[in-house]
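**Q** Before anything else, here's the structure in question.
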Amino acid sequence: FAQITAEESEDELPSREERGDARLSEQDAAEGNNKGAVTEETKGDGQGDGEEAEQLDQTPMLSNKPRKKKKKRKTKKTSAGETLEDNDLEDIDSLLEKIEDTNGLLQQTQSGIIADSRPLLYIEHRNLNPENELKRYFGARAVLGDQRQRQRQCVRGTWLTTPQSTWPRYTRTGIVMELLDTKGGVQYFTFEHHRKYQEVQLKFLENVETMDPNSVVPLLQALEPYHVDSLLLLSDVCRMQEDQEMARELVEQALYSLECSFHPLFSLTSGTCRLDYRRPENRSFFLALFKHLILLEKRGCPRTALEFCKLILSLDPENDPLCVLLLIDFLSLRAREYTFLTRMFQEVESHRNLSQLPNFAFSVPLAYFFLSQQEERSELEQSQAREKAAQLIQLALIMFPSVLMPLLDHCSVQPDARVASHSFFGLNAQISQPPALNQLTSLYVGRTHSLWKDPAVMAWLEPNVHEVLRMVDARDPLVEESEHKRKTLYQSAPRNIYRHIILSEVKEAMAALPLEVTSQPVMGYDPLPPLDSIVSYTRPERTNRPSNESTLSLFFRSLLPNFNLQGDIRHERDEEAGAGQDLNQGVNRLMAAMRDMLANIQFQEPPRDDNPEGDGDWD
């Protein structure tokens, strides 16, 4: 940009002096048109226009409007006869390629050069808006409708969401973001709750224990309309009731509330801002982003969902508390960002062992296969991608043989006799694998099986499966080595994988969760909190402790949430004389509760045969 700006500054100074001249030579007109073309093209770029506008404003003798008119006049003169030379055109093209290279406009035409010019988790603001993606699919008129004619509200501009006119008026909620530390160019932030917000949060926790979502609504109406955890909880309720639009709007309100409290130094695109998931105040932001990207993917905006997935990973790339690495490959394939997925695998594999995750082991060769099908690539690039895809899919089938048969079953594909009868891909491969590996494979198959239904993909997969069986029959050492890895590396899954499975709600993976996870209560606003949480404030202890209840009382409470054996009995140690009467009252309540339970039980009568002779279809 420095070279281009310097040339423009030198070239436009004489054009300012020539503005008073009525007569211009044809040679000067051609040169001016050439330089004006460079200026116009560079201004059409996304990020360059802002920087050049600032530099032009700082030059007191330059003005944008007169120069635009002059360029139009000169363009008309040169349109009749082309006076640009080939060398000048080559210079213009080279300059434009440099500008587009910097801004990332050419993403897949020259993947080897352009992809390396940006950080891996580079985030663009325009990709965080789902309307931009929908406009590319359906056009601006179909997406915006009559919104262009409406007057914009005077609301605070945000990147994560677009505030709606129907939302409550935003006021300071009591959430602030503070800068904790800066180490090695990385900034560590945290959200903090003021006393007012802490009181609302404690009230929310009390209402959640009633297991009644309706108790949260008055909290939003009376106390805090932008209470984040309440909005996320109600969003889950709306999603379970198939009200996807309301669920999405509630999550967006939560994100809007959190973004309005960002620290001035907190940046979404820099990739150097960190949040610690161990702090409860920060978890709401992680969970809101995750729920938002899930809803975006279901809405048909995988490119926007991928950008949010990269944002979550950039907040804590080392620990990955929501384990979005299990999801980012699926979103990359859905968004057709094959180059990003292959580049991520190449750069991260060395220190994160992504090939040991079934989703990367199978998705990366699938991405290479799709790259080999792109007609705009040269034959050499297509053949290299095809060879890489075959090599990686064979390694994946050897390492994770239990994926093939469930994947074919979900795709409604019947394997041939050799594959179906071979023990390597048989039922024993699924039974013998560790439980942690079973959870990962079930999650991948349940989530991404739709990407494998393409007949071209199945035609590519078949010869690679037969090649793997040939290696197994030949007793290749790689087969035995992979079996040893499966037995030693997947003994138990970390807590973030369980948290990811619960939030994803993939039924195949939910069914594979261990008993220690399913037996404990899981709250949607904070699923499986870290064991080493950093708690800044706690709620006071409750006066009525459920630990004093008997086992029988806890049993009936699980059946009837409104049942209370102790009822309104006053727990006073000095009232020993009324112990017998209290016991009788408790028994009476128990009997009344049992009568209500039995009265509500309805037995379904067996179907009556109104036509005893039948229709004659059965023997």
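**Q** Please verify whether region 500-507 includes one or more residues that are outside the structural domain of ASN353 (by the TED database) and on the phi > 0 side of the Ramachandran plot.
**A** Checking region 500-507: at least one residue is outside the structural domain of ASN353 (by the TED database) and on the phi > 0 side of the Ramachandran plot.
**Q** Another question about this same structure. Are any of the residues in region 480-495 at pLDDT 95 or above, within 18 Å of GLN433 (Cβ to Cβ), in contact with a Leu (Cβ under 7 Å, 6 or more places away or on another chain) and not polar (S, T, N, Q)?
**A** No.
**Q** State all residues of region 478-504 that are open to solvent by less than 30 Å² (accessible area, probe 1.4 Å) and in a loop (DSSP other than H, G, I, E, B); if no residue qualifies, say none.
**A** Scanning region 478-504 gives TYR490, ALA493.
**Q** If you take just the helices (runs of 4 or more DSSP H) that sit entirely in region 147-265, which of them hold at least 2 residues that are open to solvent by less than 40 Å² (accessible area, probe 1.4 Å) and closer than 23 Å to PRO130 by Cβ?
**A** In region 147-265, 228-240, 244-259 are the helices (runs of 4 or more DSSP H) which contain 2 or more residues that are open to solvent by less than 40 Å² (accessible area, probe 1.4 Å) and closer than 23 Å to PRO130 by Cβ.
**Q** Somewhere in region 295-314, is a residue among the aromatic types (Phe, Trp, Tyr) and surrounded by fewer than 22 Cβ atoms within 10 Å (Cβ to Cβ)?
**A** no
**Q** Next up: Is one or more of the residues making up region 505-515 within 22 Å of CYS309 (Cβ to Cβ), β-branched (Val, Ile, Thr) and either buried (at least 18 other Cβ atoms within 10 Å of the Cβ) or at pLDDT below 95 (or both)?
**A** Looking through region 505-515, at least one residue is within 22 Å of CYS309 (Cβ to Cβ), β-branched (Val, Ile, Thr) and either buried (at least 18 other Cβ atoms within 10 Å of the Cβ) or at pLDDT below 95 (or both).
**Q** Further, regarding this structure: If you go through region 270-294, how many residues are of a type in the set (Asp, Glu) and surrounded by 21 or more Cβ atoms within 10 Å (Cβ to Cβ)?
**A** Going through region 270-294 one residue at a time, the tally reaches 1.
The values are calculated or read from the model by the stated rules, or taken from the named source; none is laboratory data. None of these values were measured; they are calculated from a predicted model. No Cβ is skipped: glycine too gets one built from the backbone with ideal geometry, and neighbour counts run over all protein chains shown. Just so you know, the surface numbers come from the protein's heavy atoms only, side chains and all, with ligands and any DNA or RNA stripped out. Shrake-Rupley method; radii C 1.70, N 1.55, O 1.52, S 1.80 Å.
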